[in-house]
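Any read-out appearing in this document is the output of simple, stated calculations on the displayed coordinates, not a laboratory observation. Source: prediction; values computed, not measured. Note: ideal-geometry Cβ built from the backbone for every residue, glycine included; neighbour counts use all protein chains shown.
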Amino acid sequence: MDAAKLKSYAGAFLVGGGIGVSGQAIMELYLYMEVPYARLIMVFTLASCGALLHNLGIYGKLSALAGVGADVPLCGLAAGIAGLVHGARSNGAGPGKALLAGFVPPALVLGSGALLALILALVKTFMIK
């Protein structure tokens with residue numbers, strides 16, 4: 001294995017693992033503090049951190065270093081949405097159009113995945129015995 005691939009794998013593992021450990025630590029803190037809906041609030045916290053780090057210019061550097069290790073977790077999705085909204089605003093779109101530009105592409109991807117999962121579940125339930 002060449003050094004570039006090894007560096008890429010190590011970056012993805014370390015950054016993705018760091019995000020996972022951070023999320024777990026945040027959730028444990030919320031559970032320790034007996035915060036209601038701690039798991040849901042942890043997800044919101046990770047998404048908010050991803051958007052904030054994108055706006056500070058940090059998440060793009062993490063993504064360049066770690067690739068999918070930074071892009072796949074929820075904070076990567078939030079950073080991507082923030083990037084789409086920021087890009088639309090930079091191109092002169094109003095707030096409403098910028099929000100649409102940020103939420104329509106992820107909604108299409110997630111909606112397509114949910115629809116495919118539903119179809120496959122129905123096929124398995126009714127056709128495969």
Taking segment 38-129 and dividing mean pair separation by its residue count, relative contact order in percent (alpha carbons under 8 Å, at least six apart): 22 percent
Dipole-positive endmost among SER112, SER8, ALA98 within the chain (Cβ charges, Cα centre): SER112
State to the nearest 20 debye the size of the charge dipole of the chain about its Cα centre, where the only charges are +1 on K and R beta carbons and -1 on D and E beta carbons. 320 debye
Sort SER22, SER90 by Cβ crowding within 10 Å, fewest neighbours at the top. SER90, SER22
Hull surface over four for the Cα convex hull of segment 3-127, reported in nm², is 11.3 nm²
Reduced to Cα centres, the span from segment 25-40 to segment 63-129 in Å works out to 26 Å
Per residue and in Å³, how big is the convex hull formed by the alpha-carbon atoms of segment 66-129? 100 Å³
